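The values are calculated or read from the model by the stated rules, or taken from the named source; none is laboratory data. Note that the structure is predicted; figures quoted are calculated from it, not measured. All Cβ positions, glycine included, derive from the backbone under ideal geometry; neighbour counts span all protein chains shown. For the accessible areas, the whole protein counts, side chains as well, though only heavy atoms, and no ligand, DNA or RNA atoms are used. Shrake-Rupley method; radii C 1.70, N 1.55, O 1.52, S 1.80 Å.
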Amino acid sequence: MNHAISIENLHVSYHGNEAVKGISLTVDPGNLVGIIGPNGAGKSTFLKAVLHLIPRDKGAVTVLGNSIKNARKKIAYVPQRNDIDWDFPITVLDTVLLGTFPHLKWFKRPKKKDKEWALQCLERVGMQDFKKRQIGKLSGGQQQRVFLARALAQNADLFFLDEPFVGVDAASEKTIVNILKELCREGKTVMVVHHDLSKATEYFDQLILLNKELIGFGPVSEVFKPDVMEKAYKSPFTLRNEIGVTM
Ligand code: ADP
Ligand code: MG
């Protein structure tokens, strides 16, 4: 069986400053993986470089045994909210329809069946009643659900989400997490940049702990431990588990 994703010796720098240093890891299908680490640790850079949205200095990435270029249709990416232009005059439905574009020829207008599929995806995230709304005129949680619907519309095998819970209400967060867990049960692979450590053990199967370098990687129980976390956060670290007991 192919790995869902295989990363070897990934290096990225901005103007000579290394932001990601020598990361190697493999993730198998069906995992919900959290990418954690302090602010500026290179989490977003890592994700963008894996997807080849920014140049790499070095490194090889394969997705389900293919190059990123050949696997692009199988990958859905939801950027960090600051990277999205919320003033763009586009409706909720059209935003989701963009997710079906890999399946459309560029010169074709979306067909009825594409619209129906987009609406089904909106229904799955509970946003079907907002289909005509401009995306800027939604709450943070609604916006994130629409972008998840767009990713679903793409029918991808791998999902990459960058801080999907920032500015999101608790109900939307729950809806999104439940859908991500469902996707993993269907055998898909989901990688989520996430900085709220309080939910890390509840949400994820595996963690990638970054601070430029790979500090920890593996099952949550192996990474979410004070001695490992301290190496990334560089301050005495106390962790609370779900019932609020300090470990
Ligand atoms: P995180 O997502 O973990 O907060 P980032 O990947 O956004 O971290 O940033 C990692 C480092 O790279 C930070 O020091 C940041 O200032 C720098 N950086 C990010 N994007 C750029 C860019 N476009 N140009 C120059 N430096 C950048
Ligand atoms: Mg980031």
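Points to keep in mind about this one:
- Residues that are within 16 Å of ligand 2 (Cβ to nearest atom), charged (D, E, K, R) and either open to solvent by 70 Å² or more (accessible area, probe 1.4 Å) or outside any helix (DSSP H, G or I) (or both), drawn from the stretch 58-100: ASP83
- The stretch 124-174: number of residues that are open to solvent by 50 Å² or more (accessible area, probe 1.4 Å) and within 16 Å of ligand 2 (Cβ to nearest atom): 2
- When the stretch 11-40 is filtered for residues that are within 16 Å of ligand 2 (Cβ to nearest atom), more than 29 Å from GLU182 (Cα to Cα) and in contact with a Lys or Arg (Cβ under 7 Å, 6 or more places away or on another chain), the ones remaining, listed by number, are VAL12, ALA19, VAL20.
- Residue match in the stretch 180-199 (condition: part of a loop (DSSP other than H, G, I, E, B), of a type outside the set (S, T, N, Q), under 18 Å from ASN82 (Cα atoms) and open to solvent by less than 20 Å² (accessible area, probe 1.4 Å)): yes
- Of all residue pairs spaced 6 or more apart or on separate chains, those with beta-carbon atoms under 8 Å, a first member in the stretch 5-28 that is under 12 Å from ARG56 (Cβ atoms) and open to solvent by less than 10 Å² (accessible area, probe 1.4 Å) and a second member that is of a type in the set (Asp, Glu) and outside any strand (DSSP E or B) are VAL12/ASP57.
- LEU47 passes every criterion in (1) outside any loop (DSSP other than H, G, I, E, B); (2) over 17 Å from the mean Cα position of the chain (by Cα) apart from (2).
- Complete set of residues in the stretch 59-94 that are within 16 Å of ligand 1 (Cβ to nearest atom) and touching a Phe, Trp or Tyr at 6+ places or on another chain (Cβ under 6 Å): TYR77, VAL78
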